[in-house]
Every structure is written in C-alpha cells, then in structure tokens.
Amino acid sequence: MDITVTPPTSPLPIDRAFCLSMVIKSFKGRRNVEVHLFRARWDDSANSQTDLDSLIGAPFDPAHTDHKGSRTVILESFTDTERDLIINYLKEQYSTRLTAIRSMPLTFPVPLGLTGLSQAQVSKNIGFIEFERIPSYSLEIPLKGLYDLSQHPPIVEG
C-alpha cells in the first residue's frame with residue numbers, strides 16, 4: 001500500500017487543514033475506487049473558534065459566491081493528529097484492501113463557492129461510507145467517505 005502524506009509548504013493558518021483519501025482495490029464492482037474522507041460532524045464551537053471567513057478567498061467562478069460550502073470544506077478537514085490516527089486505523093484494518101492512502105493540506109485561502117463533501121447528493125454512482133456504522137471502527141472521529149463509482153472502471157466489462 002502506498003501512503004503519501006504531503007507536508008505543508010508554509011505555516012497553516014488553522015490546525016484543521018488536512019484532506020485525506022484512500023483507494024480501495026475493489027468496491028461495488030469497480031476497481032481502484034478513490035474515497036474522499038471527511039469529518040461528518042463538528043461542534044458549533046469549531047465554527048466560531050476561528051474566523052473561517054478570513055480563510056476564504058476569491059471564487060473560481062464568479063457565479064458561485066456562497067460561502068457556506070467553502071466553510072464546510074474547512075470544517076470537514078482533519079488536524080494532523082487526527083489524520084495520523086485515521087491513517088494508522090486504515091493501515092491496521094484494511095491493509096489488504098487498500099492500494100493507497102493520501103493526505104495533503106488544504107490550500108489557503110480556500111476558494112469561495114466550493115461544495116463540501118457532506119453536501120454531495122447520493123445517487124446511483126455517488127455514495128457515502130459511514131465508518132461509525134462499522135463495528136470495528138474505534139476512533140472518536142466522526143468519519144465518512146465519499147465515492148463516485150462513475151469515475152472508476154468496472155472490474156468486469158459488460
């Protein structure tokens with residue numbers, strides 16, 4: 001399994017600033033499915049501890065200027081300690097099922113108008129893995145994963 005943790009190139013303005021993903025060898029009939037991991041819940045205090053709006057920059061698209069999704073992207077992120085706990089959990093529990101674990105810091109300022117992972121709509125191809133529903137999940141971090149099966153080749157061509 002390839003584990004890549006990209007360190008920040010400059011000091012981060014907030015502790016909760018790390019993204020995390022994993023690649024599952026075989027999942028729901030698809031090969032090498034990338035799952036984007038995120039914090040499923042957070043305290044309202046996390047929302048007010050930092051002036052999140054000061055961490056949000058110009059939009060990629062001037063038509064998308066809602067700050068809620070960009071704030072959610074920040075709140076869904078992990079601290080470096082949480083990231084390391086999750087990586088160790090995944091290594092211990094799923095070493096034979098994963099091909100990669102990747103982490104990198106968010107880039108600040110976060111663009112205005114983004115959509116948080118938790119805001120994705122479930123469909124035929126898009127869904128969530130709810131780690132808290134897995135009996136062996138032992139971390140205190142409310143962890144979910146978002147996947148999009150349409151982005152990955154089927155195991156058996158039809």
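Yes/no per residue for (1) in contact with a helix residue (DSSP H, G or I) (Cβ under 8 Å, 6 or more places away or on another chain); (2) without any contact (Cβ under 8 Å) to a residue 60 or more places away in the chain:
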position	(1), (2)
Asp44	no, yes
Leu52	yes, yes
Pro62	no, yes
Glu92	no, yes
Phe108	yes, no
Ala120	no, yes
Phe128	no, yes
Ile134	no, yes
Pro153	no, no
Does the stretch 106-113 contain any residue that is part of a loop (DSSP other than H, G, I, E, B), touching a Ser or Thr at 6+ places or on another chain (Cβ under 8 Å), within 14 Å of Glu76 (Cβ to Cβ) and not small (Gly, Ala, Ser)?
-> yes
Members of the stretch 114-138 that are of a type outside the set (Gly, Ala, Ser), in a helix (DSSP H, G or I) and under 22 Å from Asp61 (Cβ atoms) | Leu117, Gln119
With respect to Ser103, determine if the residue is crowded, with 16+ Cβ neighbours inside 10 Å, touching a Leu at 6+ places or on another chain (Cβ under 6 Å) and either not in a loop (DSSP other than H, G, I, E, B) or not acidic (Asp, Glu) (or both).
-> yes
Exactly one condition in (1) at pLDDT below 95; (2) touching a Leu at 6+ places or on another chain (Cβ under 7 Å) is not met by Ile155; state its number.
-> (2)
Is it the case that Thr81 is touching a residue at least 40 places away in the same chain (Cβ under 8 Å) and surrounded by fewer than 16 Cβ atoms within 10 Å (Cβ to Cβ)?
-> no
What are the residue pairs meeting all of these: first residue in the stretch 5-33, first residue in a strand (DSSP E or B), second residue crowded, with 19+ Cβ neighbours inside 10 Å and of a type in the set (Gly, Ala, Ser), Cβ atoms under 7 Å, and 6 or more apart or on different chains?
-> Val5/Ser103; Phe18/Ser77; Phe18/Ser103; Cys19/Ser77; Cys19/Ser103; Leu20/Ser103
Which condition number does Ala63 fail, the rest of (1) part of a helix (DSSP H, G or I); (2) hydrophobic (A, V, I, L, M, F, W, C); (3) farther than 20 Å from Pro142 by Cα being met?
-> (1)
Looking at Leu143, Leu149, Leu98, which one is under 30 Å from His64 (Cβ atoms), at pLDDT 95 or above, in contact with a helix residue (DSSP H, G or I) (Cβ under 8 Å, 6 or more places away or on another chain) and surrounded by 16 or more Cβ atoms within 10 Å (Cβ to Cβ)?
-> Leu143
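The values are calculated or read from the model by the stated rules, or taken from the named source; none is laboratory data. No experiment lies behind these values; they were computed from the predicted model shown. We place every Cβ from the backbone using ideal geometry, glycine too, and count neighbours over all the protein chains shown.
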